[in-house]
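Data block below; observations after.
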Amino acid sequence: MDETVAEFIKRTILKIPMNELTTILKAWDFLSENQLQTVNFRQRKESVVQHLIHLCEEKRASISDAALLDIIYMQFHQHQKVWDVFQMSKGPGEDVDLFDMKQFKNSFKKILQRALKNVTVSFRETEENAVWIRIAWGTQYTKPNQYKPTYVVYYSQTPYAFTSSSMLRRNTPLLGQALTIASKHHQIVKMDLRSRYLDSLKAIVFKQYNQTYETHNSTTPLQERSLGLDINLETKFKSGLNGSILAEREEPLRCLIKFSSPHLLEALKSLAPAALVCRIQKLLCYSGSHSQGTQDPSSWQKDLYLLFVHLYPRC
């Protein structure tokens, strides 16, 4: 086994919490059950890692094997990344094609490899008709950096792909091209959605909630159903050079803000830069009932709250 591969596997295993190590190694399915039984997982982690690396050397693990382990780790720890959403669309009059996962993988990989001499592309399919893609980027003159990859989650026969935010913005157009062509779509746009909660993003774009959102390039709302929101606001005023009556108050100024919008997330985002939102206390259902509070918010309301918190953690 190459020293580079051994170091890559070692770093990945060191990231895995001990209480998850056995589960992730079994999901990896590279080491056999008999091999795993030879490892004493109760000893110090450094010793466990050394034993596992030795077993991987015996099986001559490749960079592809190491990349697959990294994908599985990321599937367990999705919240460590900030995820963006891309929406693809067909051209006018284009029909929906039957999806072939093998063809998708081959096409996606070839597009990247033709454009870049050094790039590592790895795949892992899940039971949800999704494929996780891991891309380690290099250049024409440098090898792929395995420690700063981009992750993509694409659901077959849907127009949506979720990508981990990357500092390598120069590769975004190439990634979009590969996704569009491999999935047989015509164009791709980045939606105005971002979160560490991948499941919440999936729920939003797959319309499990009764609302939809606009993309950057959209000019008309996709759905006109208004949602209501109650926000309890607590704020204190800072005094200027001459002071002020409000600044002298010991108690914060409290008020209740009510509004409704067909694009609730956009409305929330517009409040944050103005420092208006201190605490979201209630998320209500539809505009017809937004004046009546709900004591037990539904799952979409909780997810939307968590999504907003991570969009603007200072609020």
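The values are calculated or read from the model by the stated rules, or taken from the named source; none is laboratory data. Quick caveat: nothing in here was measured; it's all calculated off a predicted structure. Here Cβ is always computed from backbone atoms with ideal geometry, including for glycine, and neighbour counts include all displayed protein chains. Side chains are part of the model used for accessible areas, which takes the heavy atoms of the whole protein and leaves out ligands, DNA and RNA. Shrake-Rupley method; radii C 1.70, N 1.55, O 1.52, S 1.80 Å.
How big is the dipole moment of segment 87-199 about its Cα centre under a simple scheme where the beta carbon of each Lys and Arg is +1, that of each Asp and Glu is -1, and everything else is neutral? Debye, nearest 20, please. Walk me through the intermediate numbers first.
Working: 17 positive and 9 negative charges, 161 e Å.
In total the dipole reaches around 780 debye.
Measure up K15/K90; K143/K202; K117/K190; K26/K202 against 29 Å on the Cα-Cα distance and list the ones that go over. Walk me through the numbers before you get to the answer.
Values: K15/K90 40 Å; K143/K202 33 Å; K117/K190 26 Å; K26/K202 27 Å.
In this structure, K15/K90; K143/K202 lie more than 29 Å apart at Cα.
Out of the total accessible area of segment 83-211 (probe 1.4 Å, heavy atoms of protein only), what percent is carbon and sulfur?
Values: 3150 of 6720 Å².
The C+S portion of the solvent-accessible surface of segment 83-211 is 47 percent.
Can you give me the Rg/Rh ratio for segment 83-211, using Cα atoms for both radii and the Kirkwood formula for Rh?
Rg divided by Rh gives 0.95.
Around F123, what is the net charge, scoring Lys/Arg as +1 and Asp/Glu as -1 over all other residues with Cβ under 12 Å from its Cβ? Mind showing how you got there, number by number?
Working: positive: K102, K105, K109, R124, R134; negative: E125.
Surrounding charge for F123 is +4.
Let me make sure I get this right: for segment 1-150, a, b and c are the square roots of the gyration tensor eigenvalues over alpha carbons, sorted descending. Under 1.5 in a/c it's rounded, otherwise prolate if a/b > b/c, else oblate. Which is it?
Details: a/c = 2.26, a/b = 1.75, b/c = 1.29.
In terms of gyration-tensor shape, prolate.
I need the shape label for segment 3-77. Rule: rounded when a/c is under 1.5, else prolate if a/b > b/c, else oblate, with a, b, c from the alpha carbon gyration tensor.
Numbers: a/c = 1.31, a/b = 1.08, b/c = 1.21.
Rounded, since a/c falls under 1.5.
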